[in-house]
Amino acid sequence: MDATARIELPAEKGFWEEFQTHWNAMPDKVVCGVLLAAWILLFQFYGWASSIAGQSHSLFVWMWQKWSDPSNDASHAKLIPWVALYLLWARRERLARFCAGVWWPGLLILGMALVLHVIGFVVQQPRFSMVALFSGAWGLLGLVWGWETLKATFFPFFIFGFCVPVGGTFALGLTLPLRIVAAKATMFVAHNLMGIDIVRTGTTLSDPSVKWHFDVAAECSGIRSFVALLAISTIFSVLTMRKFWKRAVMILMTIPLALICNIFRLTTIILAAKAFQQSDQGQAAGHLVDEWFGYVTYAVAIGLLLLAGRWLKEKPASSPS
């Protein structure tokens, strides 16, 4: 045999060619496409019952407005659909292999989603309709392609839950306990550990002479950073870990991390205000830190999550010798 002979390996398929191969293996594509299109059109034209003149009834318009509103801090939701599409693509072989016929219990999921949307439409709470949109689309896949498809697509559709905005006025009632905890913890650190005179009135922290004061508002409660960190840790743990307890550790870590980083940010605001209060610039200095330092604490939290993921990383199974 010629030593210089080369073994010809089969050429790798391009994305479009591979997509066509797996897509052609899926049965009842037209039926699934028509049903999904009808489901989407329902939320486009009857997404929410807006009582505000000139407002669109499209749920998708409402979603985009909330994701683009800085007060909701939900811009991460714009990335979630792309992550879900990637996860579906990663499961393409499983979907093509186990795609079966009609699975009628999928109608139950679809019916429950429709009832939830009706409730959200009547009470004018589009967040209910968002959950109905994603869960109903998931149920349709199970209805047309079977139970195995429903299982394979559960996680990609589950992460759509992180698209639901939790900021703004919606968070006021939910975040009050978190705001009080954050204010008490920040006061303890600043007063007992750093010796800074500080007064707490409810969720407001101030200098005894009231040269500066800061309210731990709903957006400062830490719930928004918690939701973003929870999404990151959930997706990262499911993609990189097989053992349930390791996934649970990664996900549960987001609770203390979000709280500690938020207290660190609030304490830094107090330090900046204290440092510049003699020049009557304490309030402005605190606001400057409040506006920009959140990116630092958020990066620290993500870094700690990645370190934890490295520590919990599972070794690949050794190949037999």
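Using the count of nearby Cβ atoms within 10 Å as a rough guide to exposure, how do F188, F43 rank from fewest to most?
Ranking F188, F43 by Cβ neighbours within 10 Å, fewest first, gives F188, F43.
What is the set of long-range amide H partners of T204 at a cut-off below 5 Å, with H atoms built 1.01 Å from backbone N?
Hits under the 5 Å cutoff: V216.
What area, in nm² and to one decimal, does the C-alpha convex hull of segment 79-122 cast on average over all directions?
4.5
In whole Hz and in residue order, list the ³J(HN,Hα) couplings for segment 270-278 that follow from phi through the Karplus curve 6.51 cos²θ - 1.76 cosθ + 1.60, θ = phi - 60°; x for Gly and Pro.
4, 4, 5, 5, 5, 5, 10, 6, 5
Using modelled amide H (1.01 Å from N, peptide plane; none on Pro or chain starts), what sits under 5 Å from the amide H of I196, excluding residues fewer than 5 places away?
Correct list: H191.
Cα extents of segment 170-311 along the three principal axes, largest first, in whole Å?
55, 29, 26
Whole-Hz ³J(HN,Hα) for each residue in segment 181-198, computed from phi via Karplus 6.51 cos²θ - 1.76 cosθ + 1.60 with θ = phi - 60°, x for glycine and proline: what do you get?
Karplus values, whole Hz, x for Gly and Pro: 4, 5, 5, 5, 5, 5, 5, 4, 5, 5, 7, 7, 9, 10, x, 9, 5, 8.
Roughly what would the spin-label model give for F15 and E291, points 7 Å off Cα along C-beta, in nm?
So the label points at F15 and E291 sit 3.8 nm apart.
Quick one: plug the Kirkwood hydrodynamic radius of segment 25-165 (C-alpha pairs) into Stokes-Einstein at 25 °C, 0.890 mPa s, and report D in µm²/s.
156
Calculate one ³J(HN,Hα) per residue across segment 38-47 by plugging θ = phi - 60° into the Karplus curve 6.51 cos²θ - 1.76 cosθ + 1.60, and present them in order as whole Hz with x for glycine and proline.
Those phi angles translate into 5, 5, 5, 5, 4, 7, 6, 9, 9, x Hz.
So if I place +1 on the C-beta of Lys and Arg and -1 on the C-beta of Asp and Glu, and nothing else carries charge, what would the dipole magnitude of the chain be about its Cα centre? I want it in debye, nearest 20.
760
In the structure shown, do any of K78/K184; K151/K246; K78/K313; K29/K151 have a Cα-Cα gap over 23 Å, and if so which?
K78/K184; K78/K313, as the Cα separations exceed 23 Å there.
Using only Cα atoms, figure out Rg for the chain and give it as a multiple of 2.2 N^0.38 Å.
Ratio of Cα Rg to 2.2 N^0.38 Å: 1.27.
Read the figures in this text as sums done on the coordinates, not as results from a lab. The shown structure was predicted, so the numbers you read here are calculated from the model rather than taken from an experiment. Ideal geometry is used to build each Cβ from the backbone, glycine not excepted, and the neighbour counts take in all protein chains shown.
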